[in-house]
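Accompanying notes for the structure given below.
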Amino acid sequence: MIVAPFKTPSNGRQHVRFSVFSLARNALRGHQDWPEQWRSPEPKASYDAIIIGAGGHGLATAYYMAAEHGMTNIAVLEKGWLGGGNTGRNTTIIRSNYLWEESGKLYDHAMKLWQNLSQVLNYNVMYSARGVMMLAHNVHDIQVFKRHIHANRLAGIDNEWLTPEEAKEFCPILNVSKDIRYPIMGAALQRRGGVARHDAVAWGYARAADALGVDIIQNCEVTGILRDASGAVSGVETSRGTIRTKKLGVVAAGHTSVVMEMAGVRMPLESYPLQALVSEPLKPIMPCVVMSNTVHAYMSQSDKGDLVIGAGTDQYVSYSQTGGLHIAAHTLDAICELFPVVRRTRMMRNWGGIVDVTPDRSPILSKTPVPGLFVNCGWGTGGFKATPGSGHVFAHTVATGEPHPIAAPFTLDRFRTGRLIDEAAAAAVAH
Ligand code: FAD
Ligand code: PYC
């Protein structure tokens with residue numbers, strides 16, 4: 001499925017299309033002539049729409065607004081550097097094995113867009129469908145995963161049950177001994193699941209949006225939301241001055257509550273640190289992604305060779321981008337038991353991101369009580385996988401003023417009406 005292929009700009013700006021020819025041409029020139037990937041424009045006095053947050057979701061939203069809805073007089077405002085939030089801090093797992101039909105449609109919409117995203121953006125996002133396996137360690141896990149498998153298959157989403165022996169065949173370094181604290185009793189495997197390169201996703205969307213005329217303005221913190229006499233959005237105050245707009249999309253992940261407070265909207269969100277680690281690079285030992293919600297650990301191997309390992313959230317809300325040491329230590333204990341072969345591997349770096357968690361562990365893609373104000377948040381520990389789908393449906397919501405049919409159930413209002421979409425069991429390690 002091609003959705004809005006990358007367009008070379010017609011406004012005379014230099015924007016090279018990546019191809020074997022442009023690579024060869026630039027190689028011959030010593031790679032000195034590559035143009036900038038996106039501009040760094042000064043903010044204009046007003047835009048038709050503004051997106052707050054240049055993470056993957058905000059950039060994808062802007063790209064699809066321009067590519068599919070013809071809205072090119074738009075800006076993405078970012079307080080730091082683009083992709084520097086959770087987009088550049090996540091462990092890149094992609095899957096769509098959620099329980100409820102509403103979620104299946106949303107995450108599988110994204111899964112389908114991942115398939116040819118590199119071609120659409122003309123940017124290699126390194127999507128790799130290497131399979132995501134979720135381990136069951138007790139009877140409750142088995143029942144929950146089998147329920148998910150049946151629900152997914154009824155909805156046309158692949159997911160299958162593996163015995164411990166089959167799990168080991170899929171991931172040979174897995175320890176399926178019965179003598180460990182939480183023996184592996186089986187696994188749910190989504191073969192279409194996998195990983196992509198997080199930075200490339202942000203950069204690819206940024207470059208493609210810029211090519212269509214979107215202004216991406218970094219180092220521009222939104223400090224206030226302006227409203228007219230009727231209460232509707234009329235602009236934003238920023239660290240680089242006032243900018244007028246009648247349409248505002250807030251896509252600020254862990255800081256969504258802070259930004260929405262500027263418009264007087266209280267959000268059903270809690271922000272927690274979530275951390276990850278990478279090891280020294282190793283030769284290829286890990287052909288897939290393995291996750292264990294029960295022991296709070298998961299691992300994959302990047303194309304550079306480092307093991308990418310993730311932990312659960314801290315137990316306390318916080319805006320600190322680190323995460324407790326005891327959480328990382330607990331995760332590494334579990335990793336050493338699940339994969340004894342990595343016991344002597346050295347860890348190179350760890351870091352944290354601030355994740356925005358809703359009470360039902362499902363995202364919010366919604367209009368708000370404030371006319372002209374839209375919000376895309378609540379992806380918590382699992383929004384990277386949804387980046388293309390989230391941007392695609394949210395672009396429709398902001399551009400048309402009405403929710404895209406796939407986004408329609410994910411309203412802010414559901415926390416008042418009680419029509420929750422409980423995905424606690426599918427939301428992975430962190431909950
Ligand atoms: P972000 O990338 O955080 O973008 C929001 C942007 O808003 C930030 O750049 C921020 O600077 C900006 N901003 C905030 N306030 C303001 C303001 N006032 N003015 C201007 N800009 C502002 N998901 C998965 O699917 N798979 C995984 O394997 C996975 N692993 C994870 C591991 C870790 C350690 C973490 C932290 C998260 C993980 N996630 C994973 C979750 C995933 O990273 C997020 O759900 C997703 O990246 C959110 O993208 P975003 O674009 O909404 O947010
Ligand atoms: O949502 O699959 C996920 C995930 C894995 C690690 C963090 N989130």
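Just so it is clear, none of the values below were taken in a lab; they were calculated from the coordinates. Predicted model only: the values in this text are computed from it and were never measured. Note: ideal-geometry Cβ built from the backbone for every residue, glycine included; neighbour counts use all protein chains shown.
A compact table of results
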{"read-out": "Dimensionless Rg ratio for the range 276-333, taking C-alpha atoms and the 2.2 N^0.38 Å reference", "value": "1.21"}
{"read-out": "Rounded tilt (10° steps) of 139-154 against the dominant C-alpha axis of the chain", "value": "50 degrees"}
{"read-out": "Residue of Val144, Val295, Val259 that the Gaussian network model of the chain assigns the largest fluctuation, springs spanning Cα pairs under 10 Å", "value": "Val144"}
{"read-out": "For the range 107-249: span of alpha carbons on each principal axis (Å, largest first)", "value": "65, 36, 32"}
{"read-out": "Order of Thr91, Thr294, Thr345, Thr223 under a 10 Å beta carbon neighbour criterion, fewest first", "value": "Thr223, Thr294, Thr345, Thr91"}
{"read-out": "Sequence-distant residues sharing a close amide H with Ala49 (under 5 Å, placed H)", "value": "Ala75"}
{"read-out": "Cβ charges +1 (Lys, Arg) and -1 (Asp, Glu), total dipole of the range 218-294, debye", "value": "300 debye"}
{"read-out": "Cα gyration tensor shape of the range 122-195, rounded if a/c is under 1.5, else prolate or oblate by comparing a/b with b/c", "value": "oblate"}
{"read-out": "In degrees, nearest ten, helix 198-211 long axis to first principal axis of the chain (Cα)", "value": "20 degrees"}
{"read-out": "Debye intensity ratio I(q)/I(0), log10, the range 265-417, q values 0.09, 0.21 Å⁻¹ (C-alpha model)", "value": "-0.38, -1.22"}
{"read-out": "Cα shape, the range 47-93, gyration tensor, a/c 1.5 rule", "value": "oblate"}
{"read-out": "Dipole magnitude of the range 147-287 about its Cα centre (Cβ charges: Lys, Arg +1; Asp, Glu -1), debye to nearest 20", "value": "260 debye"}
{"read-out": "Sequence ranges 163-170, 15-22, 113-120, ranked by mean other-Cβ count within 10 angstrom, highest first", "value": "113-120, 163-170, 15-22"}
{"read-out": "Fewest-first ranking of Arg89, Arg25, using other Cβ atoms within 10 Å as the exposure measure", "value": "Arg25, Arg89"}
{"read-out": "Taking the convex hull of Cα positions in the chain, its mean projected area over all directions (nm²)", "value": "21.0 nm²"}
{"read-out": "Residues of the range 261-284 with amide N under 15 Å of the 7 Å Cα→Cβ point at Glu237", "value": "261-264"}
{"read-out": "Residue with peak Gaussian network fluctuation, the chain [Cα springs, cutoff 10 Å], from Ile173, Ile74, Ile335", "value": "Ile173"}
{"read-out": "For Ile364, distant residues with modelled amide H under 5 Å away", "value": "Cys377, Gly378, Trp379"}
{"read-out": "Gly224 long-range amide H proximity, modeled H, under 5 Å", "value": "Glu237"}
{"read-out": "For the range 329-339, Karplus couplings with θ = phi - 60° (6.51, -1.76, 1.60), whole Hz, Gly/Pro x", "value": "5, 4, 5, 5, 4, 5, 4, 5, 6, 6, 10"}
{"read-out": "Angle in degrees between helix 387-400 and the longest Cα principal axis of the chain, rounded to the nearest 10", "value": "30 degrees"}
{"read-out": "The chain - mean residue ellipticity at 222 nm from DSSP helices (-39,500 (n - 2.57) per run, n ≥ 4, rounded to 500)", "value": "-8000 deg cm²/dmol"}
{"read-out": "Total charge dipole magnitude, the chain, about the Cα centre, Cβ charges on Lys, Arg, Asp, Glu only, Debye to nearest 20", "value": "620 debye"}
{"read-out": "Rounded, prolate or oblate (a/c below 1.5 giving rounded, otherwise prolate when a/b exceeds b/c) for the range 365-422 by Cα gyration tensor", "value": "oblate"}
{"read-out": "Choice from Leu28, Leu282, Leu154 with maximal GNM fluctuation in the chain (Cα, 10 Å cutoff)", "value": "Leu28"}
{"read-out": "Karplus-derived 3J(HN,Hα), 6.51/-1.76/1.60, for each residue of the range 343-349, Hz, glycine and proline x", "value": "3, 9, 6, 8, 8, 9, 8"}
{"read-out": "Charge-dipole axis of the chain as Lys and Arg at +1 and Asp and Glu at -1 on Cβ define it, positive-most pick from Phe384, Val214, Val278", "value": "Val214"}
{"read-out": "Burial ranking of peptide ranges 132-142, 95-105, 312-322 (average Cβ count within 10 Å, highest at the top)", "value": "95-105, 132-142, 312-322"}
